[in-house]
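Taking it in order: structure first as structure tokens, then the write-up.
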Amino acid sequence: MNIHEYQAAELFAKYGLPINPGRVARTPEEAAEHARAIGGTVVLKAQVHSGGRGKAGGVKLAKSPEEAAEKTGQILGLDIRGHIVQQVLVAPGADIAKEYYLGAILDREARGITMMGSAEGGVDIEEVARTNPEAIIKVTADPLLGLQDYEARELAFGMGIEAAEVNSFVAIVKQLYSAFVGEDASLAEINPLIRTGDGKWAAIDSKMVLDDSALYRHPGLEGLRDLAEENPTEIEAKKAGLAFVKLDGEIGCMVNGAGLSMATMDAIKFAGGSPANFLDVGGGATSKQVVQGLQLILADPNVTAILFNIFGGIARCDVIAQGIVDGLTQIEVKVPLVVRLLGTNQEEGRRILRESGFDLITADTMSEAAQKVVAAAAGR
């Protein structure tokens, strides 16, 4: 679950990290009031779940309350990578002497929590990783032992932190690690982490991604979710009890089981296509859920063909087949449909499809299904 910068900063502050406290404004007038209360130069930052805010005009400096109101008016309503700005963070301007990057990520390959740091802070860290990967220093902490002081010092030395500042930097690293673990995050970043002119550390930009699966341990965190920033189709899917993720391809996928869903998407890519979504209707899918899933897929105008890949284990092929027929009865579908049914009650399911009167393309194997749906999407 993504959260806004100001929300991440509030969570960081719980663990002692030195944040740059700000106030959220939703109108130019509110921004002027906040700027007046803060005093001096303020920075105005668009609050959206997207990177690239600065390049898109979503970060500006203001030297007076009047200027803050004017520039907030310019930021509100901006479209930043498909996200419309509805609120702005007003924070004190900072005396930046040096910028660093500091982050924590769940590293499945290393089976630990990897802390990353770079002396090239304040810029797109993905671009640094692509063009100058040696500038990113990494240490991986054992999740059972926790981050050790020597590991944090190793990070500091690799980043070129001056000897006199190492101990204070180690404290920052350990606080970020504690925030990451304590809030069950999958990502935590400070970019930039700055050293001010008077030698103090400050987290100028905070980012945190929380693990949805762990929210039950943190009842208060669910309230940080901003539904306006989330894909409306994914919200509808969650309400229907479906696991749905919007992708940028052209082939809609409805599959039962996460593993089979991933394999199906791989098969589509291997056949030369691109999946438009991940949709797992679950092992106990009902006819109603199939109808809802079909509606979610067809809400995407990029979809040019749909693949149903069903393995009947807990789910029964006849139930899924009836759901497909019910969906086609209720919804006008103008794209080709490829159906693969295998497993429990597969013959009954195939009979239901044959006798439905709808023009369906069937397949026996996953490879065949992928090839047929890719061809159908291309109009072949």
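This ranking places Arg316, Arg354 by how few other beta-carbon atoms lie within 10 Å of each, fewest first, which gives Arg354, Arg316.
May I ask you to sort Val245, Val43, Val333 by Cβ crowding, counting other Cβ atoms within 10 Å and putting the fewest first?
Val245, Val333, Val43
For the pair Leu260 and Glu29, the difference between a 0.36 nm per residue extended length and the Cα-Cα distance amounts to 77.9 nm. Straight-line cross-link partners of Lys207 among the lysines, defined as a Cα under 21 Å from its Cα and at least 8 positions apart when in the same chain: Lys14, Lys45, Lys55, Lys60, Lys98, Lys138, Lys174. Length gained on full extension, Thr365 to Ile314: 16.4 nm, using 0.36 nm per residue less the C-alpha separation.
Taking Cα centre as origin and charging only the Cβ of basic (Lys, Arg, +1) and acidic (Asp, Glu, -1) residues, the dipole magnitude of the chain rounds to 360 debye. Sparsely packed loop sites in region 134-206 (the trypsin sites (Lys or Arg not before Pro) outside DSSP H, G, I, E and B with at most 14 other Cβ atoms within 10 Å) comprise Lys200. With θ taken as phi - 60° and the Karplus curve 6.51 cos²θ - 1.76 cosθ + 1.60 applied, the whole-hertz 3J(HN,Hα) list for region 225-230 is 5, 10, 5, 5, 9, 9 Hz, x standing for glycine and proline. Less than 5 angstrom separates the built amide H of Ala243 from those of Asp280, all sequence-distant by 5 or more or on a different chain.
For Lys238, a cut-off of 18 angstrom between C-alpha atoms picks up these lysines, skipping any fewer than 8 places away in its own chain: Lys246, Lys288.
In straight-distance terms, cross-link reach from Lys334 covers every one of the aspartates and glutamates whose alpha-carbon lies under 20 Å from its own, apart from those fewer than eight places away in the same chain; here that gives Asp248, Glu250, Asp300, Asp326, Glu355, Asp359. Extending 7 Å from Cα along the Cβ direction at Asp107 and again at Ile331 yields two label points whose distance is 4.2 nm. Of the residues Thr365, Thr41, the one with the fewest other Cβ atoms within 10 Å heads the list, and the complete ranking is Thr365, Thr41.
In whole Å, how far is the Cα centre of region 15-44 from that of region 335-380? After rounding, the separation between the Cα centres reads 57 Å.
Taken together, the values in this text are just the output of simple stated rules run on the coordinates, not laboratory data. For clarity, every value in this text was computed on a predicted model and none was experimentally measured. As a convention, Cβ positions derive from the backbone with ideal geometry for all residues, glycine included, and neighbour counts pool all protein chains shown.
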